[in-house]
Amino acid sequence: MMIFSLTCVFPIIWMFYSSLKTQKEFSLNIISLPQNPNLNNFVEAIRIGKMQNYFLNSVFTTIVSVSIIVILGFITGYFLSRFTFKGRNILYILFLSGMLIPVHGLLIPLFIQFKTLHLLDQRLTLILPYVALGLPLAIFLFESFIKSIPVELEEAAFIDGCTLQKMLFSILLPMCRPVLSTIIIMSFLHWWNEFPFALVLIKSDKYKTLPLGLANFSGAYSTNYTQLLAGLVIATLPVIIVYFIFRKRIIQGMTAGAVKG
Amino acid sequence: MAGNRFNVKKKTIWIALSPSIAFFVFIVVIPLVLSIYFSFYNWSGGPNMKFVGLENYKELLMDGDFWGSFRNNLYIIVLCVIGQIGIPLVLCGLFISRTLKFKEFHRTVIFIPVVLSAVVIGFLWSMIYSKDMGILNLILRSLSMEGLIRNWLNDPDIVLRSVSAPLIWQYIGVYLVIFMSAIQGIPQSVLEVAELDGAVGFKKLRYVVFPLISNTIKVAIMLCISGNMKVFDHIYIMTGGGPGKSSMVMAQYAYTNSFEMFKLGYGSTISIGILVLSMTLIMLSRKLGGAKN
């Protein structure tokens, strides 16, 4: 079992330590540990590969998308769980279908649509699909969680003279903390790693996210393995850090999302 | 209206819901409608759009490459169901035995690949598979099993198996965790009685645990099928569908047609084909699984 687990994780460990080797050292022995660990590859990856640029784009796109997903998901989840109105069930099913549709079927039509509307290749381009496709899961998690919070709480807030907005954001939202953190972490992981939409919708270097930047990077410097490895580490490190901090919640969230979806 | 203490008007509800609806309609509904529309045209992105009626669909039905890529999808699905479901089930057996130490450590470690980007995984495995510089061939050489050395990603006969390995490797963690949480739902007393009756080790797993979590296993198989219908990133990075078309999958085929050959109309038709085939397969697997949800 120990051997199995270590085999599982070895490629990742290998990626980390190999990124500290020089190109020459790497080609002499692929598996050996680095003799003189140095950060040259990272410096080069940033200088030539413009990794810091992709990194910032990824940070920007992910943060904006996740924030919008959380806010809209919360509001939508609240109204869907607390009110019955005409069209509510249709809406519910509509959003549910968003979790079932194979997104790759949308790539090409979305490209055509964005091209016609001149939405391709801009700073905010990727945020649109990320939000739209991230919303369903957020809506459902919020919806089912809010259902479990007693309505009396809202009634009490109303009697105390609280407005709807104030009740939503300063009473209800803080109460949703468990599901809120799940949504934030899961969306972060998902959209940080997203590749096909970025590939299809973004062309210029200025707006590329990390996964796309990497794909590109290897095309231009296909022989320089150690630099590519450094790039992979740059893309992976934030995810690994988040994973080790929120391990329990991620494992929980993945299974909950998987079993529901 | 339960909870309507704030005198919320219908209008307010719709105003509050409208941003979400707008996002969703704009990104999911309109493109779906558009793709049906474009699938009737011959179009390469320029001003010339030619209405061809059902020609594209006829072409799609006769398109050997498309069906070949569908077959590749199916092949990958079969391998992944075996690997992604089978390996975690065996691991479960080790996890519920009392002799295994550091369970938390194993779980954490096996789950790590799940959170990585498919692009990173793709590159990492390209390096593992690389013919002269790859870890795999190096290990085979050092074990003096030169006979097994292959050009893993360049040999049409084995490339599908080669690209499935990283997929399996990445997602073992998900299914392991799903099965473990199902097993935790089994009352301890049941397992103890089974042990008293002589069901130990893999017997316990086979005759007691598996039947009790069979519903979870079915759900996992469905997840596995729908997940692998849309495999794209890994293959795009590792082989781009090659060599030739030997590792072409449907999503890659749609991509190649639309963005390398600029057949946007036909690309839309392929997209519809993907949607229909995936939906059918998912529904079919649900029917066969007899699941209610």
**Asked** Just to be sure, is B:Gly147 closer than 30 Å to A:Leu199 by Cα, modelled with pLDDT under 90 and either surrounded by 17 or more Cβ atoms within 10 Å (Cβ to Cβ) or of a type outside the set (Ser, Thr, Tyr) (or both)?
**Response** no
**Asked** Would a scan of the stretch A:100-115 turn up a residue that is closer than 19 Å to A:Met186 by Cβ and assigned to a helix (DSSP H, G or I)?
**Response** yes
**Message:** For the stretch A:147-213, give me every one of the helices (runs of 4 or more DSSP H) that falls completely inside it and has 2 or more residues that are touching a residue at least 40 places away in the same chain (Cβ under 8 Å) and β-branched (Val, Ile, Thr).
**Reply:** A:177-193
**Residues of the stretch B:123-156 satisfying the condition of being among the acidic types (Asp, Glu) and away from chain A (no Cβ under 12 Å)** = B:Glu146, B:Asp155
**Message:** Just to be sure before I move on: is A:Ser65 crowded, with 19+ Cβ neighbours inside 10 Å, modelled with pLDDT of 80 or more, within 30 Å of A:Leu164 (Cβ to Cβ) and more than 8 Å from every other protein chain (Cβ to nearest Cβ) in the structure I sent?
**Reply:** yes
**Complete:** The residue from B:Phe66, B:Phe51, B:Phe105 that alone is in contact with a helix residue (DSSP H, G or I) (Cβ under 8 Å, 6 or more places away or on another chain) and exposed (fewer than 14 other Cβ atoms within 10 Å of the Cβ) is B:Phe105
**Item:** Failed criterion for B:Met250 (all others in (1) more than 23 Å from A:Ala215 (Cα to Cα); (2) touching a residue at least 60 places away in the same chain (Cβ under 8 Å) hold)
**Value:** (1)
**Subset of the stretch B:2-18 [hydrophobic (A, V, I, L, M, F, W, C) and either modelled with pLDDT under 85 or on the phi > 0 side of the Ramachandran plot (or both)]** = B:Ala2, B:Phe6, B:Val8
**Message:** Please count how many residues of the stretch A:68-102 are facing chain B (nearest Cβ under 7 Å) and under 18 Å from the mean Cα position of the chain (by Cα).
**Reply:** 3
**Request:** Would you check which residues across the stretch A:8-24 are over 13 Å from A:Val233 (Cβ atoms) and either crowded, with 18+ Cβ neighbours inside 10 Å or facing chain B (nearest Cβ under 9 Å) (or both) and list them?
**Result:** A:Cys8, A:Val9, A:Phe10
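For (1) in contact with a Cys (Cβ under 7 Å, 6 or more places away or on another chain); (2) in contact (Cβ under 8 Å) with a residue 40 or more places away in the chain; (3) farther than 30 Å from A:Phe10 by Cβ; (4) within 9 Å of chain A (Cβ to nearest Cβ), each residue gets a yes or a no:
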residue: B:Phe23; (1), (2), (3), (4): no, no, yes, yes
residue: B:Ser35; (1), (2), (3), (4): no, yes, yes, yes
residue: B:Phe38; (1), (2), (3), (4): no, yes, yes, yes
residue: B:Asn42; (1), (2), (3), (4): no, yes, yes, no
residue: B:Met49; (1), (2), (3), (4): no, yes, yes, no
residue: B:Gly53; (1), (2), (3), (4): no, no, yes, no
residue: B:Leu61; (1), (2), (3), (4): no, no, yes, no
residue: B:Val81; (1), (2), (3), (4): yes, yes, no, no
residue: B:Gln84; (1), (2), (3), (4): yes, yes, no, no
**Prompt:** Where in the stretch B:196-265 are there helices (runs of 4 or more DSSP H), lying fully within it, with 1 or more residues that are of a type in the set (Asp, Glu)?
**Reply:** B:233-238
**Asked** So B:Gly227 fits all but one of (1) of a type outside the set (Ser, Thr, Tyr); (2) within 20 Å of A:Ala198 (Cα to Cα); (3) without any contact (Cβ under 8 Å) to a residue 40 or more places away in the chain; what number is the exception?
**Response** (3)
**Item:** Tabulated pairs, the stretch A:1-19, first within 20 Å of B:Ser97 (Cβ to Cβ), second assigned to a helix (DSSP H, G or I) and modelled with pLDDT under 85, C-beta under 8 angstrom, 6+ apart or interchain
**Value:** A:Met1/B:Leu94
**Failed criterion for B:Val120 (all others in (1) in a loop (DSSP other than H, G, I, E, B); (2) crowded, with 17+ Cβ neighbours inside 10 Å; (3) within 14 Å of chain A (Cβ to nearest Cβ) hold)** = (1)
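The values are calculated or read from the model by the stated rules, or taken from the named source; none is laboratory data. Source: prediction; values computed, not measured. So basically every Cβ, Gly included, is an ideal-geometry build from the backbone, and we count neighbours across all protein chains shown.
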